[in-house]
Amino acid sequence: MIVSIDYIMRNSKEEVLENTMNTGRTNYLHGSSGILGYLQAQLEGLRAGDKKMVSLPKEISMTNDDYSFEVTIYRVREAMQEELQLGYPVMVDCPDDCDCYHPSGYKNPHNYIS
């Protein structure tokens with residue numbers, strides 16, 4: 001699945017370190033190394049429109065601080081074969097009604113991260 005998210009990343013002092021809410025979405029291939037598996041696991045089962053707070057403890061991130069992410073799922077779609085082979089999204093700004101990333105015409109009927 002290709003997942004498009006917006007997020008606000010904060011440190012343990014609640015300082016905003018990164019905010020993609022107004023600057024552009026982050027797209028990743030779920031299950032790839034594009035985003036830490038620990039974070040991806042916390043997003044499983046979510047659908048487009050869902051919001052969730054996820055955490056990244058310093059023990060996992062191997063840094064000296066804990067981080068939190070306020071995540072909004074924007075879109076979930078099937079990955080193209082090329083994206084699966086490359087390990088990252090190649091189509092990121094496709095309109096909602098586009099079938100360009102579904103050569104077979106298949107769309108994820110559940111529209112959730114699996």
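Among the residues of segment 86-95, is there at least one that is in a helix (DSSP H, G or I) and either buried (at least 17 other Cβ atoms within 10 Å of the Cβ) or aliphatic (A, V, I, L, M) (or both)? Walk me through it before giving the result.
Keep residues of segment 86-95 that are in a helix (DSSP H, G or I), which gives 86.
After this cut, where a residue has to be either buried (at least 17 other Cβ atoms within 10 Å of the Cβ) or aliphatic (A, V, I, L, M) (or both) as well, the list is 86.
Scanning segment 86-95, I find at least one residue that is in a helix (DSSP H, G or I) and either buried (at least 17 other Cβ atoms within 10 Å of the Cβ) or aliphatic (A, V, I, L, M) (or both), so the answer is yes.
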State yes or no: is GLU59 charged (D, E, K, R), at pLDDT below 95, surrounded by 15 or more Cβ atoms within 10 Å (Cβ to Cβ) and in a helix (DSSP H, G or I)? no
Of the residues in segment 62-85, how many are outside any helix (DSSP H, G or I) and among the acidic types (Asp, Glu)? 4
When you check ILE60 against the structure, is it touching a residue at least 24 places away in the same chain (Cβ under 8 Å), of a type in the set (A, V, I, L, M) and touching a helix residue (DSSP H, G or I) at 6+ places or on another chain (Cβ under 6 Å), yes or no? yes
Which of (1) over 20 Å from ARG10 (Cβ atoms); (2) surrounded by fewer than 17 Cβ atoms within 10 Å (Cβ to Cβ); (3) under 12 Å from the mean Cα position of the chain (by Cα) does ASP50 not meet, given it meets every other one? (1)
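The values are calculated or read from the model by the stated rules, or taken from the named source; none is laboratory data. All figures in this text were calculated on a predicted structure; none of them were measured in a lab. All Cβ positions, glycine included, derive from the backbone under ideal geometry; neighbour counts span all protein chains shown.
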